[in-house]
Amino acid sequence: MQLFYNSEIKNGDSNFFFDKEESKHIVKVLRKKESDKIFITNGLGYLFESEIMLASEKKCEVKITKETFQKPDSFYTHIAVAPTKMNDRLEWFLEKATEIGIHEITPIICDHSERKVYKIDRAEKIIQAAMKQSLHYYLPKINEPISLSQFVKSNIDGQKFIAHCEETDKKSFQKEITKNKKVTILIGPEGDFSTKEINLAIANQFIPVTLGNTRLRTETAALVACHTIALLNE
């Protein structure tokens, strides 16, 4: 099944028109024609089965023939991760985490961050493509970058963790997380969190944890955390 994403389609719609760019892709690139089936999600849990009524490169029209809704997960994974120096490494994480089933990502700017600015436009496209490829019906949310100090002081519910590399007392992340809960975990930059940042997070009820016995790169640590939560909730 090839899945299309469009945030404009709503439950209850009987017909839908794609914009010019998407219409051209459907008709000219994919060579779809009238009567062909198309599957669409709006990223909010809905799957729309449709049939092409007008195969126009300018305005492709489909008729909705079936609508199904997938209940949201009983758990929620929020990874707050420092953008990596090389963009492609963070983009790899975004793609793979979306395939696994992440719910929310927040880029955090830290004391040791080598990348202090991060634009989410391209990240949104990568997440959308990964959602379609892996046949998910919920689009993960990616937030605008925020400083770590602002983030830890914000109103965050559920379980809260910080993974860092300092040789201090840390708990096992795998053993601390609880099934069917919202989990937020902080993943630091290549140079790790500063001691000041770790203490600030702990002061705001973030539990220091380890993800294993080896030192992981930023994007690897973020993906391990995401996968650990997903496995627990299978």
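The values are calculated or read from the model by the stated rules, or taken from the named source; none is laboratory data. Only a predicted model underlies this, so the values are computations on that prediction, with no experimental measurement involved. No Cβ is skipped: glycine too gets one built from the backbone with ideal geometry, and neighbour counts run over all protein chains shown. Heads up: the accessible areas ignore ligands, DNA and RNA and are worked out on the full protein's heavy atoms, side chains in. Shrake-Rupley method; radii C 1.70, N 1.55, O 1.52, S 1.80 Å.
Worth a mention:
- For the chain, a Kirkwood radius taken over Cα pairs fed into Stokes-Einstein (25 °C, viscosity 0.890 mPa s) yields D = 128 µm²/s.
- Within the chain, antiparallel bridges make up roughly 40 percent of the DSSP beta bridges whose residues both belong there.
- The mean sequence separation of alpha-carbon pairs under 8 Å and at least six residues apart, normalised by the residue count of the stretch 82-156, gives a relative contact order of 39 percent.
- Gain in span if fully extended, residue 24 to residue 174, counting 0.36 nm per residue against the direct Cα distance: 49.3 nm
- With contacts taken as Cα pairs under 8 Å at a separation of at least 6 residues, the chain carries a relative contact order of 20 percent.
- Hydrodynamic radius of the stretch 1-85 per Kirkwood, over alpha carbon pairs, in Å: 14.1
- Expressed as a fraction of 2.2 N^0.38 Å, the C-alpha radius of gyration for the stretch 67-133 is 1.24.
- Checking every one of the trypsin sites (Lys or Arg not before Pro) in the stretch 79-138 against DSSP loop status and a limit of 16 other Cβ atoms within 10 Å picks out 85, 116, 119.
- Only helices enter this figure: runs of n ≥ 4 DSSP H residues, each worth -39500 (n - 2.57), summed and divided by the residues of the chain, yield -8000 deg cm²/dmol at 222 nm to the nearest 500.
- Protein heavy-atom accessible surface, 1.4 Å probe, per residue over the stretch 83-234: 52 Å².
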